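Visitor: Below: one structure in structure tokens.
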Amino acid sequence: MVITTPEFFPGEAELVNMLFEHGLELLHVRKPSASAQQMEEYLSAIDGKYMSRVALHDHFELAQRFGVGGLHLNSRNNALPSGWSGRVSRSCHSFDEILAEKDALDYCFLSPIFDSVSKIGYKMAFSEADLRQKRAEGVIDSKIFALSGVTLDNVQVVESLCFGGCAVLGYLWQYKSDSKKLTDVFVKLKDLCTFVPG
């Protein structure tokens with residue numbers, strides 16, 4: 001999975017479409033300060049055939065109109081629209097949160113797994129031993145996706161911990177001005193993410 005940068009940048013929709021063409025499974029659109037009009041314009045620029053693979057963090061009222069496949073609950077948007085039947089996800093920052101939330105969700109993010117690339121001072125919150133223990137206890141399973149600081153150097157550690165997968169943000173988007181580099185990094189990450197939940 002890929003999470004967007006909080007701010008829009010020139011050529012972003014084109015890069016998103018390119019990532020989908022290269023096998024992106026899910027795009028989480030997180031633009032907390034975007035207006036509804038800005039979000040409409042952004043979603044309109046994404047190829048409609050990929051909409052089922054988009055999850056919104058904001059402006060849930062646009063979900064049905066654009067046919068997005070998922071909604072991500074958060075402190076700004078904590079209630080689903082009436083009649084919503086698509087995917088539902090949430091971010092968790094502790095094992096207790098996962099235990100309280102995951103049964104009602106299709107999947108959730110657990111963070112920070114590693115030191116964040118995009119958020120200065122956002123440091124890893126769990127030891128590898130703790131993560132392995134929680135995997136053994138069934139807390140971490142195929143519904144839990146690792147978030148924060150995932151890179152080519154550590155993605156196989158995430159895989160070895162038997163997460164359902166991972167989500168990337170800062171590590172990938174640091175290459176947004178070089179579409180070839182961004183694509184190359186994405187494809188390498190995807191090729192290393194051969195997660196088979198046990």
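The values are calculated or read from the model by the stated rules, or taken from the named source; none is laboratory data. Computed from a prediction, not measured in an experiment: that's the story for all the values here. Note that each Cβ is placed from the backbone with ideal geometry, even for glycine, and that neighbours are counted across all protein chains shown.
Visitor: Restricting the range 43-58 to residues that are out of contact with any Phe, Trp or Tyr (no Cβ under 7 Å at 6 or more places or on another chain) and surrounded by 18 or more Cβ atoms within 10 Å (Cβ to Cβ), which is farthest from Y107 (Cα to Cα)?
Guide: Checking each candidate, the answer is I46.
Visitor: Something else now. Tally up the residues in the range 143-164 that are under 15 Å from C92 (Cα atoms) and not aromatic (F, W, Y), please.
Guide: Looking only at that region, the number is 6.
Visitor: Going by what's in this entry, would V117 be described as under 23 Å from L172 (Cα atoms), in contact (Cβ under 8 Å) with a residue 24 or more places away in the chain and surrounded by 13 or more Cβ atoms within 10 Å (Cβ to Cβ)?
Guide: yes
Visitor: Hey, F95 hits all of (1) farther than 26 Å from P10 by Cβ; (2) surrounded by 21 or more Cβ atoms within 10 Å (Cβ to Cβ); (3) of a type in the set (F, W, Y) but one; which does it fall short on?
Guide: (2)
Visitor: Just checking, how many residues over the range 106-127 are acidic (D, E) and at pLDDT below 90? Lay out the reasoning, then the answer.
Guide: The first filter runs over the range 106-127 and keeps only residues acidic (D, E), leaving 106, 115.
Imposing the further condition that a residue be at pLDDT below 90 reduces the set to 115.
So the answer is 1.
Visitor: Would you pick out the residues in the range 67-92 that are of a type in the set (A, V, I, L, M, F, W, C) and buried (at least 17 other Cβ atoms within 10 Å of the Cβ)?
Guide: V68, L71, L73, V88, C92
Visitor: Among (1) of a type in the set (D, E, K, R); (2) out of contact with any Gly (no Cβ under 9 Å at 6 or more places or on another chain); (3) loosely packed, with under 13 Cβ neighbours inside 10 Å; (4) closer than 16 Å to H72 by Cβ, which single condition is E21 missing?
Guide: (4)
Visitor: For the range 6-24, check the following and say yes or no: at least one residue is in a strand (DSSP E or B), touching a helix residue (DSSP H, G or I) at 6+ places or on another chain (Cβ under 8 Å), touching a residue at least 12 places away in the same chain (Cβ under 8 Å) and charged (D, E, K, R).
Guide: no
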